[in-house]
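Peer 1: Submitted below is the structure of interest, expressed as structure tokens.
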Amino acid sequence: MSAKHMDVVIVGAGFSGLYLLHKLRELGLSSRVFEAGGDVGGTWYWNRYPGARCDIESMEYSYSWSEELEQEWNWSERYSTQPEILAYINHVADRFDLRRDIRFDTRVAAASYDEASNLWTVELDSGESVSARHVVMATGCLSSPNLPDIPGMADFEGPTYQTGLWPHEGVDFTGQKVGVIGTGSSAIQSIPVIAEQAAELVVMQRTPNFVVPAHNRPLGADEIAETKAGYPALREQARDEAAGFLGSTVTIEAMALDTPEAERTAEFERRWNYGGLRFMASYPDIGMVMEANDTAAEFIRSKIRERVDDPETAELLCPKTYPAGAKRLCVDTGYFEIYNRDHVHLVDLKSTPIERITAKGVRTSTREYAFDAIVYATGFDAMTGTLDKIAITGRGGRRLKAKWRDGPETYLGLMSEGFPNLFLVTGPQSPSVISNMIVSIEQHVEWIAACIGDVGDGWIEPTREAEKSWVDHTNFMAGLTVYPYADSWYMGANIPGKPRIFMAYLGGVPGYRAICEDSRAKGYAGFTVSGETGGESV
Ligand code: NA7
């Protein structure tokens, strides 16, 4: 390895790390990216399972910071496939000559701060170490795949796959009996594609999900040209929308519960026909009041009953135990219809739980299912999982994982007190996972790059008071909504033993951006910069 010291170490070469590298170069700072994967792409490098696709529309799920880039790149479908997004991010890496500052196949094992020198030492899994003034964790929110702890998992004689760690050479299930465990977003995208190949497919469902249709289609040359002609305005509008994508702000003033049923159903129908995540941004009370939420939930259930022929299977596929959208809403292409095929079967794990994985397949409380291959579509240790795996030590030898034992503590999701010059892109308690990730990434990267430029050789960290009030504020905002009523990965509830706390900021993308900008404008309100406390925090 060449340089042993740099201004900034960036961990991760996904959308966040690449943009940050580019941004820091513009500031004349030296930085180096360490990436565990063999190439750029982050989430889109690892998640190669069949049918993997973005749920945000292609023309919005792309960088806005280079006009040339947005004009020259053409997306082929309304919702991009993983290979196309990966091709895009590779194109970006080449076009902006980013690879020369990225070291691939290198995992960061530890990072520790030395108060005397105001430097971080970053240890790599190769045994080498480097030092830097600043460290930025651009490690992603869904980057630690979760494998469940089911007895007998090692006994299975056939191949097993985790959706988030899919083999790069692909998998051919032709003629096989395949078992899929899990029915989250990754399963819902992959099941229809796996079913096309498999001779028999058994889906093992613990909790059904709320799903809306994508209505995916090829993008026409005319609409691409039209969008490109208006790109600056579109980007500006997206940044001003609640979740950073067009149509994510609730614009209807009337409450769902005050709206006549026929009118409300017509509104849901209109959104259903449009497709995608806009569905939830209908009435103001849908996300806040259980009864109102249930009107949307019941609409989605009615659609499941229409799409699935067998009434018993349809009922099992209808989510009934938590509010719509409180687990991340899924977006599908042909998911429910797949259960109308003779070779696809649904197993309800609530009534017949898995007892163990056997040499031949999966044994539930009532029978054994024989499989040639098992797919674990069992999600991620979200938001904190990847950070927990890096031994991060701050001021006074304090470990971040220990500090966050009862849940993450950050100010604005950007930094944590006691860890000077350690920045998080799309960290917990920021709105990132509730938003168009690229809009949130760009906002974070721009704030962090500017901050690093301002701080220079000094240091910055949040005050404990600001951090505490931000954690309280985040919890308060979540408490106003129906989100805490689901055992979701937002709540850490999918990982046994993880503290149950809502890990995203629900105040919306524009409001959050205003708070971040205000802090900076006030000399980093809520932070201490090289011993000087900035203005009062929000
Ligand atoms: P998710 O949404 O966390 O889904 C994981 C699924 O796996 C979910 O249906 C789980 O059921 C199921 N699961 C997890 N552990 C088990 C065990 N032990 N037994 C049976 N079933 C299990 O992950 P995805 O990868 O689909 O999506 C993650 C995000 O990526 C998504 O929200 C988008 O933002 C993109 P459960 O619901 O816990 O009962």
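Peer 1: In the chain, if the dipole is taken from +1 on Lys/Arg beta carbons and -1 on Asp/Glu beta carbons about the Cα centre, which of Ala93, Gly413, Thr463 is farthest to the positive end?
Peer 2: Thr463
Peer 1: Note down the magnitude of the dipole of the chain about its Cα centre, charges +1 on Lys and Arg C-beta and -1 on Asp and Glu C-beta and zero elsewhere, to the nearest 20 debye.
Peer 2: Roughly 1200 debye for the chain.
Peer 1: Based on the Cβ-Cβ distance from Leu257 to Asn118, what FRET efficiency comes out when R0 is 60 Å, to the nearest 0.05?
Peer 2: So the FRET efficiency works out to roughly 0.60.
Peer 1: Let me ask something else about it. Using the Cα centre of region 1-157 as the reference point, and only Cβ charges (+1 on K/R, -1 on D/E), how large is the resulting charge dipole? Debye, rounded to the nearest 20.
Peer 2: About 360 debye.
Peer 1: In addition: Which pairs break 18 Å Cα to Cα here: Lys177/Lys360; Lys403/Lys468; Lys403/Lys498; Lys327/Lys403; Lys177/Lys350; Lys327/Lys401?
Peer 2: Exceeds cut-off: Lys327/Lys403; Lys177/Lys350; Lys327/Lys401.
Peer 1: While we're looking at this one, here's another question. What span do the alpha-carbon atoms of region 1-132 cover on each of the three principal axes, reported in whole Å from largest to smallest?
Peer 2: Each principal axis gives a Cα extent; for region 1-132 these are 52, 32, 23 Å.
Peer 1: Turning to a different aspect of this structure: Once you wrap a convex hull around the alpha carbon atoms of region 402-520, what is its projected area averaged over all directions, in nm²?
Peer 2: Approximately 7.3 nm², given one-decimal rounding.
Peer 1: Using +1 at the C-beta of Lys and Arg and -1 at the C-beta of Asp and Glu, which of Asn273, Ala262, Thr295 has the Cα lying farthest in the positive direction of the dipole of region 256-302?
Peer 2: Asn273
Peer 1: What translational D, rounded to a whole number of µm²/s, comes out for region 254-329 from Stokes-Einstein when the hydrodynamic radius is the Kirkwood one over Cα pairs, at 37 °C and 0.692 mPa s?
Peer 2: Stokes-Einstein gives a translational diffusion coefficient of 256 µm²/s.
Peer 1: Let me understand region 19-73 better: what is its radius of gyration from the alpha carbons, and its Dmax, in angstrom?
Peer 2: Here Rg and the maximum Cα pair distance are 14.2, 41 Å.
Peer 1: Which of the peptides 190-199, 356-365 is most tightly packed, and how do the rest follow, judged by the mean count of other Cβ atoms within 10 Å per residue?
Peer 2: 190-199, 356-365
Peer 1: Can you give the % of DSSP beta bridges in the chain that are antiparallel, to the nearest 5?
Peer 2: So the antiparallel bridges amount to about 40 percent of the total.
Peer 1: Provide Lys401, Lys177 in ascending order of the number of other Cβ atoms located within 10 Å of each residue's Cβ, fewest first.
Peer 2: Ordered from fewest to most neighbouring Cβ atoms within 10 Å, Lys401, Lys177 come out as Lys401, Lys177.
Peer 1: Rounding to the nearest 20 debye, state how big the charge dipole of region 285-442 is about its Cα centre with +1 on each Lys and Arg Cβ and -1 on each Asp and Glu Cβ.
Peer 2: The dipole of region 285-442 has a size of about 900 debye.
Peer 1: Please list, by residue number, everything in region 132-175 whose backbone N is under 12 Å from a paramagnetic label point 7 Å out along Cα→Cβ of Arg399.
Peer 2: Under cut-off, by backbone N: nothing.
Peer 1: P(r) tail for the chain, what percent of Cα pairs lie past 31 Å?
Peer 2: 48
Peer 1: Just report the Cα centroid separation between region 181-227 and region 258-284, whole Å.
Peer 2: For region 181-227 versus region 258-284, the Cα centre distance is 21 Å.
Peer 1: Based only on other Cβ atoms within 10 Å, what is the fewest-to-most ordering of Lys522, Lys303?
Peer 2: So the ranking, lowest neighbour count to highest, is Lys522, Lys303.
Peer 1: Here is a further query. Could you tell me how many degrees, from 0 to 90 and to the nearest 10, lie between the Cα long axis of helix 290-307 and the main elongation axis, the longest principal axis, of the Cα atoms of the chain?
Peer 2: Approximately 50 degrees, to the nearest 10.
Peer 1: Counting pairs of Cα atoms in region 295-397, how many percent are more than 17 Å apart?
Peer 2: 69
Peer 1: Could you tell me which residue out of Pro192, Gln205, Gly152 lies farthest along the dipole of the chain toward its positive end? Charges go on the beta carbon: Lys and Arg +1, Asp and Glu -1, centred on the Cα centre.
Peer 2: Value computed over the given set: Gly152.
Peer 1: Something else now. For each of Arg520, Arg100, count neighbouring Cβ atoms within 10 Å of the residue's Cβ, then give the residues from fewest to most.
Peer 2: With the sparsest Cβ surroundings first, the list reads Arg100, Arg520.
Laboratory data are not the source of any read-out in this text; all were calculated from the coordinates shown. Remember, predicted model here, so these are calculated numbers, not experimental data. All Cβ positions, glycine included, derive from the backbone under ideal geometry; neighbour counts span all protein chains shown.
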